[in-house]
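Below is one structure, written out as structure tokens; comments come after it.
The values are calculated or read from the model by the stated rules, or taken from the named source; none is laboratory data. Keep in mind it's a predicted model, so treat the numbers as computed, not measured. All Cβ positions, glycine included, derive from the backbone under ideal geometry; neighbour counts span all protein chains shown.
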Amino acid sequence: MIGHFVGMGFAEKLVLKAIDENGEGDPDSILNLILTFSTLEESPPQQLSTNSDPCSSGNNENFLNDLSDMDSWSEDELEDRLKGNDGYKSEKHKMLLSLAASGSLSERERKLLDLADMGYALEDAELALERWPEAPVDDLIEIIGAAQMAREEDCYLPEDDLKPKHILSGGSKSKKRKHFEMKKNVIEETIRLPNPMIGFGVPSMQPPERVHRSLPLEARGPPYFYYENVALTPKGVWDTISRFLYDIEPEFVDSKFFSACARKRGYIHNLPIENRFPLVPLPPFTIQQAFPLSRRWWPSWDPRDKMNCIQTAIASAKLTERIRTALERSGEGDPPEAIQRYVMEQCRKWNLVWVGRNKVAPLEPDEVEMLLGFPKNHTRGGGISRTDRYKSLGNSFQVDTVAYHLSVLKDMFPHGVNVLSLFSGIGGAEVALHRLGIKLKNVVSIEKSKANRDIVRSWWEQTNQTGSLIDFDDVTSFDAARVEQIIGTIGNFDLVVGGSPCNNLAGSNRVSRDGLEGKESSLFYDYFRILDLVKLYRQ
């Protein structure tokens, strides 16, 4: 078996490492490990980043925690890193530092230096800047992170290129190497997105020209549908989603226009886009408004006014202790620039807030609930662990954003709506409709996670809903007979809502590591399948 993989062009040491970790039983798993190790070798560990928008998936929690703890660094290495030791810098990085010292950096070079100082690979930074030359550094972080997450998890690759069995079944070495090169260069496949990301308009900003869209006859509601997925995906993903959903153009929106945290998402829907209105009272729009007590400790060199996308994992206590130690060692006044850069990198990556002198901390679950538009304690109690609360919130909708889009339903359905909620998570769409004052007559919810189902059930009871909540845990059993039976019992569905609120690898109820293939295929196809049945059996 070793000779087989070496013959494919992979280094023997990587093959041995993969077999040692996985065993010799499963060639597909061994190949995946070899590809992962090869990709990691291309970039040193300190240059790997998490996805700021990514809102990292549950499958990546261990990766994120390892990165946060920096357990692979010794204390001496950490000190060198904080002091900006050149041993951690490429020649190009050193050149950028020299240009900065001479004051001759261009705007593009300044962005490259900022990203390199944060630990991102210059190759990735240059590719991102090539596609989005005007993007600010925070957006570039999310773009690079999304591409790296896709590369790590093999997500969204074309089926024939994704299946290891296609590689093992024969073919030339050049084809096998082409497969590997495709995996390494996922960042080049990332979709182009509008800037600013305001979709068909947000309360504070409208497109330069009035938007008119004409939906195909077969796409018009009722039933109305609303599908959400992460915006930053490799090229072709949104084309596929759009093609299945009647070629409707995605509406890309960043939740920073609705709240104090960024959350770049794409939405395909057949809802009207006129006469939308926001939820009131309006939520806090800046970090300072959301956390006024932090102002006392907020240093002048931390310019953040928005959080990055809420993640499914949080920074470790070890990381916050290292930050405190680094700041205290720098003495009075502002810390050296190298330490500032290190601290800001971690604060942006993990959404850390200042809670005392030289002290940062991750957001508490109730603070995340507030940022995402959920009622306080929405995910608290009932046997839900703290870890599960973060995971569920990280995979949820941003309620204020979704409510703005769904607000058009209020006048259309004055007596309430029947909702089919697919992959419901913690009920973001249901909370949005309730906060809009739209009566929930019947909600049929499909969600695999028992913790999430319990959260929605608890919210339903606490808000004294008068309608019916019917939940299921297995989307694959939701077939034509089940759809016909439910419609016969409660009537037609007015709204079919769903999506993958973090990314298609997040949580146990989303896509498996096999991507868009196999028994546990992308839940998007289940969404389309069930939507088609709802339209077919509409009375």
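Key figures for this structure:
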quantity: Test: residue in the range 329-337 that is in a helix (DSSP H, G or I) and at pLDDT below 90; calculated: yes
quantity: The range 443-463 - residue that is under 21 Å from L495 (Cβ atoms) and polar (S, T, N, Q) and, of those, surrounded by the fewest Cβ atoms within 10 Å (Cβ to Cβ); calculated: T463
quantity: Any chance V343 is over 18 Å from F258 (Cβ atoms) and in contact with a strand residue (DSSP E or B) (Cβ under 7 Å, 6 or more places away or on another chain); calculated: no
quantity: Candidate set: the range 425-442, residues that are part of a loop (DSSP other than H, G, I, E, B) and of a type outside the set (A, V, I, L, M, F, W, C); chosen: the one surrounded by the fewest Cβ atoms within 10 Å (Cβ to Cβ); calculated: G437
quantity: Test for K264: is it surrounded by fewer than 19 Cβ atoms within 10 Å (Cβ to Cβ) and basic (K, R); calculated: no
quantity: Check on P292, over 24 Å from the mean Cα position of the chain (by Cα) and without any contact (Cβ under 8 Å) to a residue 12 or more places away in the chain; calculated: yes
quantity: D454 vs. criteria part of a helix (DSSP H, G or I), under 18 Å from D366 (Cβ atoms) and not aliphatic (A, V, I, L, M); calculated: yes
quantity: Candidates G356, G331, filtered to the one that is free of Cβ contacts under 8 Å to residues at least 60 places away in the same chain and farther than 22 Å from P284 by Cβ; calculated: G331
quantity: So F244, is it under 26 Å from P375 (Cα atoms) and out of contact with any Cys (no Cβ under 6 Å at 6 or more places or on another chain); calculated: no
quantity: Test: I530 is buried (at least 17 other Cβ atoms within 10 Å of the Cβ), touching a Phe, Trp or Tyr at 6+ places or on another chain (Cβ under 8 Å) and either at pLDDT 95 or above or not in a loop (DSSP other than H, G, I, E, B) (or both); calculated: yes
quantity: Top-ranked residue of the range 464-480 - restricted to ones that are among the hydrophobic types (A, V, I, L, M, F, W, C) and surrounded by fewer than 18 Cβ atoms within 10 Å (Cβ to Cβ), ranked as modelled with the highest pLDDT; calculated: I470
quantity: Close pairs (9 angstrom Cβ cut-off, 6 or more residues apart or separate chains): more than 25 Å from Q398 (Cα to Cα) and in contact (Cβ under 8 Å) with a residue 40 or more places away in the chain in the range 302-320, part of a loop (DSSP other than H, G, I, E, B) and of a type in the set (A, V, I, L, M, F, W, C) anywhere; calculated: K318/M70; L319/M70; L319/L352; T320/L352
quantity: Residue pairs meeting the criteria (Cβ under 6 Å; at least 6 apart or on separate chains; first farther than 22 Å from G382 by Cβ, in the range 417-446; second assigned to a loop (DSSP other than H, G, I, E, B) and of a type in the set (S, T, Y)); calculated: L436/S407
quantity: Failed criterion for M307 (all others in (1) surrounded by fewer than 22 Cβ atoms within 10 Å (Cβ to Cβ); (2) not assigned by TED's automatic domain parsing to the domain that holds E461 hold); calculated: (1)
quantity: Filter result (surrounded by 14 or more Cβ atoms within 10 Å (Cβ to Cβ) and closer than 20 Å to L440 by Cα) within the range 481-491; calculated: V483, I486, I487, I490
quantity: Number of the condition not met by L271 [criteria: (1) touching a helix residue (DSSP H, G or I) at 6+ places or on another chain (Cβ under 7 Å); (2) in a helix (DSSP H, G or I); (3) not β-branched (V, I, T)]; calculated: (2)
